[in-house]
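What follows is calculated from the coordinates using simple rules that are stated; it is not laboratory data. For clarity, every value in this text was computed on a predicted model and none was experimentally measured. Cβ atoms come from the backbone with ideal geometry, glycine included; neighbour counts cover every protein chain shown.
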Amino acid sequence: MNNLVEFGAHRHYILRIRIIAYSNKMEANMAAYVIVQERIDDPAMFEEYKSQVLPTFEPFNARFLVRGGAYTVLEGDWALDRTVVVEFPSREQAEAWYHSEAYQKILPLRTNASQCNLIIIDGAE
């Protein structure tokens, strides 16, 4: 009987390790999104940024889901008039893109051409 209890406890411990490992794997593979709200102050400079940003996504398997476009405010305030949503395979990929040499090189074009807010947010399971 004692061996059965020890085996049961051992089995529970192994199962718990597998659940934690699976959970960590799921979090690592969960999509993440870069969401930007912006108001363009210098359209010419911003066009230069737009012409260069897409190639910075390619190494990170990112894609635009929203790139400007019409919207309707149904609740609250939406202070900045342009919204961009970019999907990445994971938070790690999104953060690596933002800090990449290629993106950092063109980032001043966006920040000098616009007022903006930018976040990275995890997707739902």
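Couple of notes before you dig in:
- Exposure proxy order (Cβ contacts within 10 Å, fewest to most) of Val73, Val36, Val66: Val73, Val66, Val36
- A simple count of charges around Val84, restricted to other residues whose Cβ falls under 13 Å of its Cβ and scoring Lys, Arg +1 and Asp, Glu -1, yields +3.
- Shape call, the stretch 31-122: gyration tensor on alpha carbons, a/c limit 1.5: oblate
- Taken along the Cα-to-beta-carbon direction at a fixed 7 Å, the label points for Cys116 and Leu65 span 1.8 nm.
- Put in order of Cβ neighbour count within 10 Å, fewest first, the listed residues Ser100, Ser51 become Ser51, Ser100.
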